[in-house]
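Visitor: Okay, here's the structure, questions in a sec.
The values are calculated or read from the model by the stated rules, or taken from the named source; none is laboratory data. Just so it is clear, the model here is predicted, and its values are computed rather than measured. We place every Cβ from the backbone using ideal geometry, glycine too, and count neighbours over all the protein chains shown.
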Amino acid sequence: MNTITCVRMKLWGCERREVFGAKAIAGANASVWEYEPGSEVLKIADGGHIRIDGLRWEISRALAGEWVQLIRVESKILVYYCRSLVRELDPPNRQSTAVDWRLIE
């Protein structure tokens with residue numbers, strides 16, 4: 001017996017649907033967040049990382065396969081998943097900082 005369960009969840013401020021089951025039904029695909037046209041967007045690799053200018057940056061294994069937006073501010077790169085800032089990258093110093101959005105007011 002093949003069953004498909006559609007689960008709605010909120011992940012970092014992004015509501016999406018996940019479809020679980022042995023077979024996919026047409027039209028039941030998970031919704032995709034759309035970033036602004038012209039945005040710098042990268043897909044997170046299976047291991048939870050991205051590559052920027054030849055450097056590998058760990059972002060989040062939980063976001064593997066998801067698309068993130070990069071916003072360059074001076075020498076830093078802000079990594080957004082949907083509307084939520086998840087990581088701040090500092091390429092000149094080769095530092096990466098996870099952002100706890102619950103602490104931002």
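Visitor: Of all residues in segment 56-75, count the ones that are surrounded by 12 or more Cβ atoms within 10 Å (Cβ to Cβ) and part of a strand (DSSP E or B).
Guide: Residues in segment 56-75 being surrounded by 12 or more Cβ atoms within 10 Å (Cβ to Cβ) and part of a strand (DSSP E or B): 8 in total.
Visitor: Please specify each residue of segment 33-69 satisfying the condition of being touching a Phe, Trp or Tyr at 6+ places or on another chain (Cβ under 8 Å), in contact (Cβ under 8 Å) with a residue 12 or more places away in the chain and of a type outside the set (Ser, Thr, Tyr).
Guide: Correct list: Trp33, Val41, Leu42, Lys43, Ile44, Ile50, Leu63, Glu66, Trp67, Val68, Gln69.
Visitor: A further question follows. Listed residues Ile44, Ile50, Ile59, Ile71; which is aliphatic (A, V, I, L, M) and touching a helix residue (DSSP H, G or I) at 6+ places or on another chain (Cβ under 8 Å)?
Guide: On the way: Ile50 fails: touching a helix residue (DSSP H, G or I) at 6+ places or on another chain (Cβ under 8 Å); Ile59 fails: touching a helix residue (DSSP H, G or I) at 6+ places or on another chain (Cβ under 8 Å); Ile71 fails: touching a helix residue (DSSP H, G or I) at 6+ places or on another chain (Cβ under 8 Å).
The unique qualifying residue is Ile44.
Visitor: Restricting attention to segment 10-56, report how many residues are of a type in the set (A, V, I, L, M) and at pLDDT 90 or above.
Guide: Initial filter on segment 10-56 (of a type in the set (A, V, I, L, M)): 11, 19, 22, 24-26, 28, 30, 32, 41-42, 44-45, 50, 52, 55.
Cutting the leftovers down to at pLDDT 90 or above gives us 41-42, 44-45, 50, 52, 55.
Residues meeting the conditions: 7.
Visitor: For segment 66-87, give me the residue count where each residue is over 8 Å from the mean Cα position of the chain (by Cα) and on the phi > 0 side of the Ramachandran plot.
Guide: Total satisfying the criteria: 1.
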